[in-house]
Number of protein chains: 2
Amino acid sequence: MTGDPARQERLRELNLGLVFREVLAADAPLSRTELAAATGLTRPTITRIVEELLAGRLVTETGTNPDGRAGRPRVGLTLSRTGPAGLGLDIRSDGLAACVVDLAGRVRHLAFAPLTDTDAPAVLERLGRMAAEAVTAAAAEDLTVVTATLAVPGPVDGGIVRTAPALGWRDVPAADLLDAALSGLGLATAVDSEANLAARGELHATGADRALTHFVYVSGGLDIGAGLVMDGRLMRGARGWGGELGHVTVDPEGKPCRCGSRGCLQTYASLPALLGGEVVPAGASPESVILGRADAGRPETLAALDAAASALGVALANVCNLLGVDTVFLGGSFALLDSWLSAGVQAELSQRVLFADWAPVTVRPATIGPDAAAIGAALAVVDRVSADPSAWLAANR
Amino acid sequence: MTGDPARQERLRELNLGLVFREVLAADAPLSRTELAAATGLTRPTITRIVEELLAGRLVTETGTNPDGRAGRPRVGLTLSRTGPAGLGLDIRSDGLAACVVDLAGRVRHLAFAPLTDTDAPAVLERLGRMAAEAVTAAAAEDLTVVTATLAVPGPVDGGIVRTAPALGWRDVPAADLLDAALSGLGLATAVDSEANLAARGELHATGADRALTHFVYVSGGLDIGAGLVMDGRLMRGARGWGGELGHVTVDPEGKPCRCGSRGCLQTYASLPALLGGEVVPAGASPESVILGRADAGRPETLAALDAAASALGVALANVCNLLGVDTVFLGGSFALLDSWLSAGVQAELSQRVLFADWAPVTVRPATIGPDAAAIGAALAVVDRVSADPSAWLAANR
């Protein structure tokens with residue numbers, strides 16, 4: 001058995017993955033000795049694997065001595081600033097975004113373009129040009145883009161955007177359009193909802209807080225979505241459905257919703273509900289209009305914010321009771337309106353969450369701002385390379 | 001590297017686990033040749049591993065030739081009827097249950113006792129005697145009980161039953177009480193909610209339907225709970241909280257609930273809500289009283305069933321929108337009342353689930369009846385042995 005070359009090669013790949021994921025998960029550079037201790041592998045095996053990881057631009061050496069001990073400076077290993085990179089593309093209400101991150105999740109390129117035409121082929125064509133520019137910009141920093149993930153404002157089912165009302169999309173084959181727009185770049189592509197990808201970005205940003213394995217990221221805006229993280233991973237639901245917080249029923253007899261139901265959270269807490277018919281002047285954002293009216297003490301805006309906060313609290317209490325999550329991140333427009341919403345949300349949670357007596361729910365604004373989904377989309381590279389670093393090494397010898 | 005005995009031993013264990021899990025997942029007996037093909041291991045390795053699994057009573061040989069081909073009868077390998085077994089204990093409104101299953105999940109022992117005293121130490125003491133009897137009964141069939149899991153009607157947080165109103169329990173250290181009651185039996189113990197464990201039982205029962213990886217199991221009764229299965233595994237939420245469907249808000253301004261909130265599903269669809277103050281005669285079940293009144297056309301019972309069905313539909317629509325599950329199992333009292341509830345539930349789901357146009361939600365009575373939680377609890381043995389079959393073999397040489 002021990003002489004089987006295929007078996008030996010597989011074992012080598014498994015060990016290489018083990019070492020790479022240790023570096024990936026570490027908060028500080030690791031020495032070869034620490035890697036040997038963490039993985040149980042011998043020093044000669046570690047030395048050989050580290051050579052491969054260095055040659056393949058997956059890790060890099062630091063000359064620092066972070067533990068401050070005296071003696072020979074310790075050589076630490078950390079994630080490379082060169083090598084594989086991920087591209088995130090995001091279609092949002094105020095424009096298109098393209099973002100490149102490296103293996104450590106650092107943003108290395110970020111570009112925007114106006115959204116002048118919401119027609120799907122036109123949007124994808126424009127994103128294709130932004131992607132080509134991003135790949136070129138990344139290459140100038142010795143980064144090789146390997147993944148491209150598109151964030152869309154609506155649920156995605158097998159690459160098809162079922163409904164994205166902000167864009168007027170229904171049953172748009174976004175994955176196929178993305179592949180066509182990016183053909184020639186040789187990237188592994190995917191499409192997912194903005195809320196899921198923003199939650200993925202938030203998971204990375206809060207990665208140092210290892211206790212935070214169950215949370216909900218709520219994205220406010222024209223539509224309301226949520227990304228659910230359980231056991232440290234994003235739950236997408238069957239066929240990618242899921243996270244449709246905007247269509248959770250707050251009042252069964254409430255106002256009709258565009259979706260055909262009644263009393264959806266959407267009808268209380270989306271930007272159109274908060275604006276109450278007010279027109280947004282050119283150049284202004286809906287949130288700035290709402291904040292201006294609230295600061296001026298306009299009663300209908302204050303009432304709308306109160307109703308939105310209560311409705312959001314009821315919907316989030318349902319999430320907490322069902323999923324046992326005890327942390328809520330308010331993202332998108334909810335992050336901007338946080339100071340007008342969080343007390344009302346918290347009041348409903350305290351009343352309605354069964355376990356609030358034992359484990360109060362924490363509500364806080366999202367850590368990363370409007371680029372959360374673009375960053376989360378770009379982070380696909382981390383998942384891909386960490387799942388099989390040997391594949392990257394084989395393709396980049 | 002190849003000569004390292006510890007490494008070789010680990011590889012041997014990994015391969016043994018690989019082979020055992022193939023037998024576990026198969027719908028029919030597998031030949032050694034099929035096992036070699038499925039795992040990529042060599043025939044000599046398979047032969048050696050199968051010898052170990054046979055000697056350790058994890059698998060057994062069948063003499064059948066299920067594919068009906070001519071020639072030498074094929075020897076198939078399937079899960080043993082002897083060897084490791086799991087014990088499930090369940091505290092339910094109509095009594096205590098103890099159940100033993102083998103590795104294939106077949107029920108091999110099932111015993112009941114009346115619940116005369118809901119005081120926690122008394123209940124656990126009685127369950128301890130039932131457990132000892134079950135272990136003895138199992139041993140008579142050459143089964144060795146290795147796990148004991150207790151199902152309780154309420155959320156469990158680190159072994160502590162936070163609230164189980166049906167029993168009048170609050171902050172009961174059930175895991176410690178279970179360990180004390182079962183001391184001397186040498187079992188690996190755990191405590192979980194009835195709804196979670198019933199969902200685990202349902203997951204096993206529907207195992208042949210591999211497409212069914214996302215579902216919610218709703219347990220009706222004095223209290224209402226849910227077990228959520230996503231990506232083929234039970235989601236317990238942070239600290240085991242989660243699945244509290246009974247406290248999902250159906251109407252924010254609804255009737256006060258015992259939990260301190262208002263308009264919880266509980267206030268519409270629990271057995272007390274459906275009974276509406278009607279007294280249950282001694283010897284009758286609450287469900288039989290409700291069914292009798294409904295069959296007699298009593299308007300207040302019919303109205304209560306309608307309200308319960310709508311409320312259950314609203315709460316389940318929230319689950320579907322949030323989690324993207326497309327199958328609902330009605331268990332506990334809901335299974336018995338199914339014919340009076342399912343149309344109303346389905347109507348709400350059709351109206352309120354965003355993806356219902358693309359993927360209608362299926363509502364069906366649970367596959368296994370009132371013993372679902374006891375069976376699900378007993379199935380812990382399958383998880384334990386499949387995670388590390390070598391540990392069982394080492395302990396049972």
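Data for the structure
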quantity: For the range A:75-128, radius of gyration divided by Kirkwood radius, i.e. Rg to Rh on alpha-carbons; calculated: 1.16
quantity: Net charge dipole size for the protein assembly as shown [Lys, Arg +1 and Asp, Glu -1 on Cβ; Debye, nearest 20]; calculated: 1840 debye
quantity: Estimated translational D of chain B in µm²/s (Stokes, Kirkwood radius over Cα pairs; 25 °C; 0.890 mPa s); calculated: 108 µm²/s
quantity: Principal axis dimensions, the range B:330-397 - Cα atoms, whole angstrom, descending; calculated: 58, 29, 12
quantity: Gaussian network model of chain A, Cα within-10 Å springs - most flexible of A:Ala380, A:Ala269, A:Ala238; calculated: A:Ala238
quantity: Global geometry of the range B:233-276, whether rounded, prolate or oblate, following the gyration tensor of its Cα atoms and the 1.5 cut on a/c; calculated: prolate
quantity: Computed [θ] at 222 nm, helices only, for chain B once each DSSP H run of length n ≥ 4 contributes -39500 (n - 2.57); calculated: -13000 deg cm²/dmol
quantity: Inter-copy spacing of B:Ala122 label points, which lie 7 Å from Cα along Cα→Cβ, given in nm from shortest upward; calculated: 7.6
quantity: Gyration tensor (alpha-carbon) shape descriptor, the protein assembly as shown, a/c threshold 1.5; calculated: oblate
quantity: Three principal axis lengths of the range B:207-366 [C-alpha, angstrom, descending]; calculated: 43, 33, 31
quantity: Cα-Cα pairs of the range B:224-299 separated by more than 15 Å (percent); calculated: 66 percent
quantity: Sorted by Cβ neighbour density within 10 Å, fewest at the top, the residues B:Arg12, B:Arg106; calculated: B:Arg106, B:Arg12
quantity: Exam field: B:Ala111 pseudo-label spacings to other copies (7 Å along Cα-Cβ), nanometres; calculated: 7.4
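Rule-based calculations on the coordinates, nothing more; no lab input. Being a predicted model, the structure only gives us computed values, none of them experimental. Positions of Cβ are backbone-derived with ideal geometry, glycine not excepted, and every protein chain shown enters the neighbour counts.
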